[in-house]
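Have a look at the structure below before the remarks.
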Amino acid sequence: MFEYVKGDFEKIDDNKIEVVGINYYQPLRVRQRETAWNPDKPFIPTAYYETYSPRGIKMNFSRGWEIYPKGIYDMLKIIQNDYRNIECWITENGMGVMGEDKFKDASGQIQDSYRIEFLSDHMAWMLKAIDEGCDLQIIFHLLMHLEIVMGLWKLIWKIIGIGELKNQAIG
């Protein structure tokens, strides 16, 4: 698949990752390919798998993305259990919706309970992972989309520390 020379793996092993950033919006569900890969095409990982969507999933129909809040927990637990529980940050998590004007109320404010639910559900799973010992330190960029919609441009790059998050009411 790829070429390497003697010593490459030792270099990788000697330079361990100390912090990992996670961007999570949707899961990518894969299964074994049902059709053969065309050998005349250049190699890409999908030579080995194809994606699928199970029935009855919750969707962000604006983007065609599955909404699966537990996926962020699953990812955090894999990092905790399989990758030395490296310190990690949620660098992106949010929900974009096209045509949000249709959610404006009479005063012109967007009523985006769908986004609040998305973020609250994801935060609940993040907090569960933290309670179980995951080294999640910072949720960064989490509220970017919500803040843009609300017009709070100066808060786009807000950083929320986990200690502060635990002390805030979510809901």
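Each value in this text was obtained by applying a stated rule to the coordinates, not by laboratory testing. As the structure is a prediction and not an experimental result, all values here were calculated from the model. Heads up, the Cβs are rebuilt from the backbone with ideal geometry, glycines too, and the neighbour counts pull from every protein chain shown.
Below, the figures for the structure above:
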| read-out | value |
| --- | --- |
| Theoretical gain in end-to-end length, Lys104 to Arg29 [0.36 nm per residue, Cα-Cα removed] | 23.6 nm |
| Ordering of 109-117, 124-132 by packing [mean C-beta count within 10 Å, highest first] | 124-132, 109-117 |
| Near-label residues of the range 19-44 by backbone N, under 12 Å of a point 7 Å along Cα→Cβ of Thr51 | 25-31 |
| Separation of alpha-carbon centers, the range 110-133 and the range 3-31, rounded to whole Å | 27 |
